[in-house]
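Trainee: Handing you this structure, nothing more for now.
The values are calculated or read from the model by the stated rules, or taken from the named source; none is laboratory data. Because the structure is a prediction, the values reported are computed rather than measured. Positions of Cβ are generated from backbone atoms using ideal geometry, with glycine treated the same way; all protein chains shown enter the neighbour counts.
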Amino acid sequence: MEPLYWNVDPEITTLFGVFPIKYYGLFFVTGLLLSYTILKKIFLSENIPLKNLDTLTNYVFIGTLVGARLGHCLFYDFAYFWQHPLEIFLPFKISSEGWDFTGFAGLASHGGAIGILIAITLFVIKTKTPFLWIMDKVSIVIPIGCAFIRFGNFMNSEIYGKPTNRNYGVVFVKDDLITRHPTQLYEAFSFLAIFVILWYLNKKKIFFHQNGVVFGIFLILMFSARFIIEFSKENQVAFEDTMTLNMGQLLSIPFIIVGIILITLRILKKEAATS
């Protein structure tokens with residue numbers, strides 16, 4: 001088996017000679033649109049009014065972007081952004097030579113998860129929607145968006161894995177000639193598999209009347225997959241080289257614990273109600 005040599009230009013084109021159109025952004029938007037479309041079908045199939053769906057989508061979109069951006073800046077590159085706070089919010093790199101448009105290079109999935117939770121909490125407060133009920137529904141489609149973001153990372157030749165030390169894997173030519181684990185694809189296809197599982201549970205109405213169980217399963221599956229795949233992934237920042245578990249794994253543990261606690265509490269509540 002021969003390795004795949006990957007040398008795709010991450011930029012599709014440039015508008016007006018200034019603004020780059022990248023595969024990452026294209027995949028990000030595609031994932032969002034697919035998630036919205038599938039969530040809308042779920043609402044329609046269960047006769048759920050659509051009046052708040054667009055508002056929910058806006059909240060989640062903003063929460064994802066803000067949370068992912070702040071998560072990267074705070075968890076992975078705090079020393080730099082502490083000195084350059086404007087670059088947290090502006091898609092430019094500011095130097096003595098001027099402003100260079102870079103887009104928002106640097107988004108952290110754990111920060112995005114926290115941003116989504118905060119955004120949905122605000123949505124729940126505004127609309128009086130049960131939090132665990134809406135989280136069960138949103139959790140079904142979140143893995144789709146996450147998968148497409150990882151496809152975008154693959155197109156960018158970033159967040160790749162450690163050397164395979166075998167004749168299989170992917171050579172990201174833009175960085176080096178080492179055959180590596182394509183961990184972006186590992187995560188992407190894991191997330192799509194999780195979507196199928198959660199969609200099936202909802203389709204068959206398994207745990208349908210136990211608000212929070214699907215959300216708990218989502219947390220356990222998503223962040224367990226992330227935790228395991230991190231063992232094959234190169235560290236994102238230098239300080240992780242001295243850590244037994246890297247930042248991605250440490251940030252995944254609380255989400256897994258919350259998922260376990262949530263499912264346990266819902267099961268205990270059901271048993272108490274039936275006893």
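Trainee: What's the number of the condition ALA238 fails, among (1) surrounded by 16 or more Cβ atoms within 10 Å (Cβ to Cβ); (2) without any contact (Cβ under 8 Å) to a residue 24 or more places away in the chain?
Mentor: (1)
Trainee: Is there a residue in the range 175-188 that is modelled with pLDDT under 95, buried (at least 18 other Cβ atoms within 10 Å of the Cβ), closer than 24 Å to LEU34 by Cα and within 16 Å of the chain's Cα centre (by Cα)?
Mentor: No, the range 175-188 contains no residue that is modelled with pLDDT under 95, buried (at least 18 other Cβ atoms within 10 Å of the Cβ), closer than 24 Å to LEU34 by Cα and within 16 Å of the chain's Cα centre (by Cα).
Trainee: Within the range 1-34, can you find the residues that are without any contact (Cβ under 8 Å) to a residue 24 or more places away in the chain and under 30 Å from TRP199 (Cα atoms)?
Mentor: VAL29, LEU33
Trainee: Given the conditions (1) within 25 Å of TYR5 (Cα to Cα); (2) surrounded by 14 or more Cβ atoms within 10 Å (Cβ to Cβ), and given that LEU262 satisfies all but one, which numbered condition is not satisfied?
Mentor: Evaluating LEU262 over (1) within 25 Å of TYR5 (Cα to Cα); (2) surrounded by 14 or more Cβ atoms within 10 Å (Cβ to Cβ) leaves (1) as the failure.
Trainee: Let me ask you something else. Name every residue in the range 193-217 that is surrounded by fewer than 17 Cβ atoms within 10 Å (Cβ to Cβ) and either in contact with a His (Cβ under 6 Å, 6 or more places away or on another chain) or closer than 22 Å to ALA108 by Cβ (or both), in order of residue number.
Mentor: Residues satisfying the conditions do not exist here.
Trainee: Can I ask one more? Could you tell me whether any residue of the range 241-250 is without any contact (Cβ under 8 Å) to a residue 60 or more places away in the chain, surrounded by fewer than 21 Cβ atoms within 10 Å (Cβ to Cβ) and closer than 15 Å to ALA113 by Cα?
Mentor: yes
Trainee: Being part of a helix (DSSP H, G or I) and farther than 20 Å from GLU158 by Cα is the filter here; which residues of the range 237-250 pass it?
Mentor: The answer is THR242, LEU250.
Trainee: Taking the range 251-275 only, how many residues are in contact (Cβ under 8 Å) with a residue 24 or more places away in the chain and farther than 18 Å from LEU132 by Cβ?
Mentor: So the count comes out to 3.
Trainee: Would you mind stating whether ILE134 is at pLDDT below 95 and buried (at least 16 other Cβ atoms within 10 Å of the Cβ)?
Mentor: Taking the combined requirement at face value, the residue satisfies it.
Trainee: Among ILE144, ILE140, ILE159, ILE149, which is closer than 17 Å to PHE223 by Cα and assigned to a loop (DSSP other than H, G, I, E, B)?
Mentor: ILE159
Trainee: Can you name every residue in the range 6-49 that is hydroxyl-bearing (Ser, Thr, Tyr) and assigned to a loop (DSSP other than H, G, I, E, B)?
Mentor: Those that are hydroxyl-bearing (Ser, Thr, Tyr) and assigned to a loop (DSSP other than H, G, I, E, B): none in the range 6-49.
Trainee: Just a yes or no: is a residue in the range 207-224 among the hydrophobic types (A, V, I, L, M, F, W, C), farther than 20 Å from GLY31 by Cβ and part of a loop (DSSP other than H, G, I, E, B)?
Mentor: Yes, because at least one residue in the range 207-224 is among the hydrophobic types (A, V, I, L, M, F, W, C), farther than 20 Å from GLY31 by Cβ and part of a loop (DSSP other than H, G, I, E, B).
Trainee: Sticking with this structure for a sec: If you go through the range 11-21, how many residues are at negative phi and at pLDDT below 85?
Mentor: Matching residues across the range 11-21 total 7.
Trainee: If you don't mind, there's one more thing I want to ask. Select, from GLY106, GLY111, the only residue that is in a loop (DSSP other than H, G, I, E, B), surrounded by 15 or more Cβ atoms within 10 Å (Cβ to Cβ) and modelled with pLDDT under 90.
Mentor: Of the residues listed, the single one that is in a loop (DSSP other than H, G, I, E, B), surrounded by 15 or more Cβ atoms within 10 Å (Cβ to Cβ) and modelled with pLDDT under 90 is GLY106.
Trainee: Now, a different point. Give the residues of the range 160-188 that are farther than 19 Å from ARG226 by Cα and among the aromatic types (Phe, Trp, Tyr), sorted by residue number.
Mentor: TYR168, PHE172
Trainee: Given the criterion under 24 Å from LEU192 (Cβ atoms), without any contact (Cβ under 8 Å) to a residue 12 or more places away in the chain and not aliphatic (A, V, I, L, M), identify the matching residue among LYS41, LYS51.
Mentor: Of LYS41, LYS51, the one residue that is under 24 Å from LEU192 (Cβ atoms), without any contact (Cβ under 8 Å) to a residue 12 or more places away in the chain and not aliphatic (A, V, I, L, M) is LYS41.
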